[in-house]
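Comments concern the structure below.
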Amino acid sequence: MRKVEIMRDNKVVIAPSILSANFACLGEQVKLAEEAGADAIHIDVMDGHFVPNITFGPDIVAALKKVTSLPLDVHLMIDNPERYLAIYAKAGADYLTVHLETCPHIQRVLEEIRELKMKVGISLNPGTSLTLLEEIWPYIDLLLIMTVNPGFGGQKFIKSMLNKIAKANQIIQERKLNIRLSVDGGINQETIPWVLERGVDWLVIGSYIFKSQDITQTIKEIKKQCLKI
Ligand code: DX5
Ligand code: ZN
């Protein structure tokens with residue numbers, strides 16, 4: 001039986017996104033992030049169809065599983081994700097997030113992720129309404145609100161997403177749902193307070209960490225910033 005790491009509820013998870021890491025020494029960069037205090041590793045899988053960019057596949061997930069003990073937060077930005085659920089489970093994904101926009105049979109997909117003993121994540125593009133989650137809230141462990149249009153690192157945070165984040169948090173609180181609220185895209189020193197104040201407890205951060213002068217120092221500063229809010 002696979003062991004899925006459960007995050008402590010009272011803590012903001014910092015999940016560096018390796019999309020902006022130095023791919024020539026990916027394992028070392030992941031280890032560095034772990035040693036600096038990261039809580040999960042975010043892996044962006046892109047297929048060149050659902051999003052314009054192409055990145056990693058399951059072999060990279062399996063390789064990283066061997067170099068870190070942190071939970072792997074795999075973000076599938078691919079069409080027909082249902083074809084790959086078991087493959088990512090086998091590769092070692094702990095959290096598997098699919099995009100609502102890619103799944104006409106979303107309820108079945110979410111159930112399958114759970115049956116495969118992974119935590120169930122769902123992501124919404126900036127243009128996708130939260131109201132579309134109405135029938136599926138009970139199936140979700142992690143809600144990933146995209147704060148940029150997915151595909152690339154280093155894009156600007158879309159400020160109008162703050163309202164969506166606050167609404168999602170309100171639903172989670174009012175209905176007492178056990179769901180982690182995550183954001184992805186344009187997260188940095190300036191935007192971290194905006195999202196934490198609105199209930200986000202899982203930060204996906206790519207370029208702000210991996211393009212910084214000192215990865216260790218940047219992660220430590222983010223952790224401090226999270227404690228203050
Ligand atoms: C974008 C990816 C993100 C990306 C974020 O489509 O899903 O995870 O790495 O990068 P930053 O933090 O640079 O906006
Ligand atoms: Zn991502």
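Before moving on, here are some points about what is shown:
- Boolean, Glu111 is without any contact (Cβ under 8 Å) to a residue 40 or more places away in the chain and farther than 23 Å from Asp201 by Cβ: yes
- Any hit, segment 155-171, residues being polar (S, T, N, Q) and in contact with a Lys or Arg (Cβ under 8 Å, 6 or more places away or on another chain): yes
- Test result for Thr128, within 26 Å of Leu162 (Cβ to Cβ), more than 14 Å from ligand 2 (Cβ to nearest atom) and of a type in the set (Val, Ile, Thr): yes
- Scan of segment 212-229 for residues that are within 19 Å of Val200 (Cα to Cα) and open to solvent by less than 60 Å² (accessible area, probe 1.4 Å), ordered by number: Ile219, Ile222, Gln225, Cys226
- Residues satisfying the stated conditions in segment 13-69, i.e. among the acidic types (Asp, Glu) and within 12 Å of ligand 2 (Cβ to nearest atom): Asp44
The values are calculated or read from the model by the stated rules, or taken from the named source; none is laboratory data. Not measured: the values here are computed from a predicted model. Backbone-built Cβ (ideal geometry, glycine too); neighbour counts: all protein chains shown. Heads up: the accessible areas ignore ligands, DNA and RNA and are worked out on the full protein's heavy atoms, side chains in. Shrake-Rupley method; radii C 1.70, N 1.55, O 1.52, S 1.80 Å.
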